[in-house]
Amino acid sequence: MAPTAVNGTNGSRDHRAVLERTATPPSRHMSLEEARTTLRLALPEPGSKFSQDDEWCVVAEPDGTWREYRFHDYDKIFRMPGLYEKIFYDVLGCDSPRFMVGLLNEALATAGVPAETLRVLDLGAGNGIMAEELAAVGVAHTVGVDILVEAKEAAERDRPDLYADYHVADFTRLPAPQRETLLAHRLDTLTVVAALGFGDIPPAAFRTAYDLIAPDGWVVMTIKDAFLEATDTSGFAGMIGESIRSGALEVVRRERFQHRLATDRTPLLYEGIVARKRGPLAG
Ligand SMILES: C[S@@+](CC[C@H](N)C(=O)[O-])C[C@H]1O[C@@H](n2cnc3c(N)ncnc32)[C@H](O)[C@@H]1O
């Protein structure tokens, strides 16, 4: 299957270009923006459709060859500066962190809560894009958590000093000392953006994070609508859907929005939810 070369700046427009043999991958001395500009990648043909678990692209390597990256191989993607931003933001038009922080900020304004007072747990933090958006609206204390050491290293490399603390942890079996350290941060807000389901964060890990948040705290999440439907088998519908119905999760804002484009250029629609924690999760 022949890929389509892309060197775009916005996934909502068609930026197909001719592959160039002179493509030069980013060096460690480049800024993040330079690296994003320099990287060259190619997507599968627009007619080919993949599930979100199987999406891929190819990227120009230093020796001029093209290497395949599966989108869920975050460890490999984070190792190359700018590649995550290039694939998901520049080419596929992801805007979820900015969109969700905007919803949160509006909800805070309505509730009369200054963003500066929040103490955020950012689950599935990746290379720090959420922390950057949160800092932009005044949040001063964000703790990152990711299952990959490559995510933490990328956050420190690309967006240093944004997290008050960053833990590499598997929240399905959080060690007691790490749990105590996280509790000491007196967290009152959970953000989980572009990270629930699809082989990423499972319901049990979400529950662990939720339980670390103070009563009446804020919960900010994006989730594919199918995970909240009656036909869902992932466990999210029972846990989150039921908690919304019971009022344990009090929804303050809920918007269906375009998370990003799929590689076949169709929109991937997610639910964006800002809620208050009024009780324990169902299930
Ligand atoms: C698509 S990225 C989103 C990163 C970030 N939230 C953003 O919006 O830019 C998904 C992140 O979730 C992380 N992740 C996947 N499974 C996880 C788990 N079980 N626990 C914590 N993080 C996980 C991945 O390593 C990856 O960094």
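The values are calculated or read from the model by the stated rules, or taken from the named source; none is laboratory data. All figures in this text were calculated on a predicted structure; none of them were measured in a lab. Ideal geometry is used to build each Cβ from the backbone, glycine not excepted, and the neighbour counts take in all protein chains shown.
Quickly run through the range 180-195 and pick out the residues that are more than 9 Å from the ligand (Cβ to nearest atom), surrounded by 15 or more Cβ atoms within 10 Å (Cβ to Cβ) and not in a loop (DSSP other than H, G, I, E, B).
Leu182, Thr189, Leu190
Within the range 177-224, which residues are touching a Gly at 6+ places or on another chain (Cβ under 6 Å) and of a type in the set (S, T, N, Q)?
Correct list: Thr189, Thr222.
Hey, does the range 202-216 have a residue that's within 17 Å of the chain's Cα centre (by Cα), crowded, with 21+ Cβ neighbours inside 10 Å, within 18 Å of Ser51 (Cβ to Cβ) and assigned by TED's automatic domain parsing to the domain that holds Ala248?
no
Can you tell me how many residues within the range 154-179 are away from the ligand (no atom under 15 Å from the Cβ) and either among the polar types (S, T, N, Q) or more than 18 Å from the chain's Cα centre (by Cα) (or both)?
4
Thr263 - would you say it is buried (at least 18 other Cβ atoms within 10 Å of the Cβ), touching a residue at least 12 places away in the same chain (Cβ under 8 Å), among the polar types (S, T, N, Q) and assigned to a strand (DSSP E or B)?
Taking the combined requirement at face value, the residue does not satisfy it.
Which one of these does Val101 not meet: (1) within 15 Å of the ligand (Cβ to nearest atom); (2) outside the structural domain of Lys152 (by TED's automatic domain parsing)?
The one condition Val101 does not meet is (2).
Going residue by residue through the range 52-68, is there one that turns out to be among the charged types (D, E, K, R) and assigned by TED's automatic domain parsing to the domain that holds Thr191?
So far as the range 52-68 goes, no, none of its residues is among the charged types (D, E, K, R) and assigned by TED's automatic domain parsing to the domain that holds Thr191.
Restricting attention to the range 198-219, report how many residues are over 23 Å from Leu108 (Cα atoms) and of a type in the set (D, E, K, R).
So the answer is 2.
For the range 224-237, check the following and say yes or no: at least one residue is crowded, with 18+ Cβ neighbours inside 10 Å, more than 10 Å from the ligand (Cβ to nearest atom), modelled with pLDDT of 95 or more and not in a helix (DSSP H, G or I).
The answer is no; no qualifying residue exists.
Considering only the range 104-153, state which residues are more than 16 Å from the ligand (Cβ to nearest atom) and of a type in the set (Ser, Thr, Tyr).
The answer is Thr110, Thr117.
Could you tell me which residue of the range 53-77 is farthest from the ligand (Cβ to nearest atom), considering only residues that are within 20 Å of Thr38 (Cβ to Cβ) and among the hydroxyl-bearing types (Ser, Thr, Tyr)?
Thr65
Hey, does the range 141-153 have a residue that's surrounded by fewer than 15 Cβ atoms within 10 Å (Cβ to Cβ) and in contact with a His (Cβ under 8 Å, 6 or more places away or on another chain)?
Scanning the range 141-153, I find no residue that is surrounded by fewer than 15 Cβ atoms within 10 Å (Cβ to Cβ) and in contact with a His (Cβ under 8 Å, 6 or more places away or on another chain), so the answer is no.
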